[in-house]
Amino acid sequence: MRPPALIPRKRPLFLNLAQIAMPVGAVTSICHRLSGMLLAAGVPAALYLLGRSLDGEAGFAQVAGVLRQPWAKAWLVALAWALAHHALAGVRHLLTDINAGSTLGAARRSAWGVNLAALAVALLALGAVR
């Protein structure tokens, strides 16, 4: 018997992620995790900016100046998407936990609904920050 280190493995040498067809439920689940991380990082910063804007005229002017920057507008749109996606996907997961909409067809439709609704919220936020 050969030692385990010398046993050849049948693993792919190159994994092209662009060629993997992931189901919509998997994309929704991955985006749910990403949106949670974005919210964990973004909400404290947004709360700091809110508090700073409420300090007085100088703080408000400073925050208004920051929020006029293109990167800040993109951050706000991303935060709006993250909030919408995380909330909708969370409700979707809670419903599937009680077997509501957990058949394959219903799960696919609800995953598409979550993704499209979150995208719609992001587009509305994009229009609002211009």
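Tabulated data for the structure shown
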{"read-out": "Hey, A74 surrounded by 15 or more Cβ atoms within 10 Å (Cβ to Cβ) and closer than 17 Å to V129 by Cβ or not", "value": "no"}
{"read-out": "Identity of the residue in the stretch 42-66, touching a Ser or Thr at 6+ places or on another chain (Cβ under 9 Å) and under 20 Å from A125 (Cα atoms), that ends up surrounded by the fewest Cβ atoms within 10 Å (Cβ to Cβ)", "value": "A64"}
{"read-out": "Pairs, first touching a residue at least 12 places away in the same chain (Cβ under 8 Å) in the stretch 63-75, second charged (D, E, K, R), C-beta under 8 Å, six or more apart", "value": "V63/R52; L67/K73; K73/R130"}
{"read-out": "Residue satisfying condition, being surrounded by 15 or more Cβ atoms within 10 Å (Cβ to Cβ) and touching a Leu at 6+ places or on another chain (Cβ under 6 Å), within set A82, A107, A122", "value": "A82"}
{"read-out": "Residue check for V91: out of contact with any Gly (no Cβ under 9 Å at 6 or more places or on another chain) and in contact (Cβ under 8 Å) with a residue 12 or more places away in the chain", "value": "no"}
{"read-out": "Hits in the stretch 46-65 - residues which are farther than 30 Å from W112 by Cα and hydrophobic (A, V, I, L, M, F, W, C)", "value": "L47, L49, L50, L54, A58, F60, A61, V63, A64"}
{"read-out": "Residue in the stretch 73-91 that is out of contact with any Lys or Arg (no Cβ under 6 Å at 6 or more places or on another chain) and farther than 30 Å from S110 by Cα present", "value": "no"}
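Read-outs: derived from the displayed coordinates by stated rules, not from any lab. Fair warning: this is a prediction, and the values are worked out from it, not measured in the lab. Virtual Cβ from ideal backbone geometry, glycine too; neighbours counted across all protein chains shown.
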